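Every read-out reported here was derived from the displayed coordinates using simple, explicitly stated rules and does not represent laboratory data. These figures come from a predicted structure and were not determined experimentally. Here the Cβ positions follow ideal geometry from the backbone for every residue, glycine too, while neighbour counts run over all protein chains shown.
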Amino acid sequence: MDETIRNKKRRRCEDNWKKNKITSKKIPPTQLGCKCLWACRSITLEYRVEFFNEFYKLADYSKQQGSLQRFIHPQIIKRRRHGKYEHPSESRRSHSFSYCLSLSGGSDVRVCLKTFCNTFAVTPRRVQFVGEKILVDKMDMSEKRGGARYSFSDQTAWTYKIIEHIATFFYGNAY
Ligand SMILES: [Zn+2]
């Protein structure tokens, strides 16, 4: 009886250990960016590997999440009332964030989510979490400022857009 419990425990530890080993093994980007409408192709592989190395040097999940924040920019979404969308739910989401890798020269290179994920060897889900965090922080900030919530200022419109955006995480799940 005691023996089986101990075995079970040990097996679980070994499983966790194996899992950690697997997740810590990340492969740096090896391919040039895709041919999309953003600038994925214009950023060199060397630069992307550099981003990758810098990212994993942090060796801490939350620090890594924090470091991703500077590359992810929420977009103010202008909804077209009479626009034609192939997928109405996606049209609102698809460009709600932009991903920019900043080069040492100071220029920002905008890349698509695929290249972004590939550069840091992270999942779109993880990137989505960072984006969510940025939006929540922004919302907290506007709440702290106060007063603006009941006036029809830009601030209010922004806040509503954020709320609406966050709602899509719960009702329309893309990943
Ligand atoms: Zn791309």
**Request:** Find how much the distance from Glu143 to Thr123 grows on full extension, using 0.36 nm per residue of separation minus their present alpha carbon separation; answer in nm with one decimal.
**Result:** 4.1 nm
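Ranking request for peptides 55-65, 96-106, 114-124, 39-49: highest mean number of other beta-carbon atoms within 10 Å first, then the rest in descending order. Before the final figure, lay out each step's value.
Numbers: 55-65: 12.5, 96-106: 14.7, 114-124: 18.9, 39-49: 16.3.
Packing order, densest peptide first, comes out as 114-124, 39-49, 96-106, 55-65.
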**Prompt:** With each pseudo-label sitting 7 Å past Cα toward Cβ, what's the Ser96-Arg41 distance in nm, one decimal?
**Reply:** 3.0
**Message:** Within 10 Å, Cβ to Cβ, of Cys117, how many net charges do the neighbouring residues add up to if Lys/Arg are +1 and Asp/Glu are -1?
**Reply:** +3
**Prompt:** Non-local amide H neighbours of Ser98 (under 5 Å, H modeled in plane, Pro and chain starts lacking H): which ones?
**Reply:** His73, Gln75
**Message:** Given R₀ = 25 Å, what would the calculated FRET efficiency be for Thr30 paired with Asp60, taking r from the Cβ atoms and rounding to 0.05?
**Reply:** 0.50
**Complete:** Of the listed links Lys26/Lys114; Lys57/Lys138; Lys35/Lys63; Lys25/Lys63; Lys26/Lys133, those spanning more than 26 angstrom between alpha carbons are Lys57/Lys138; Lys35/Lys63
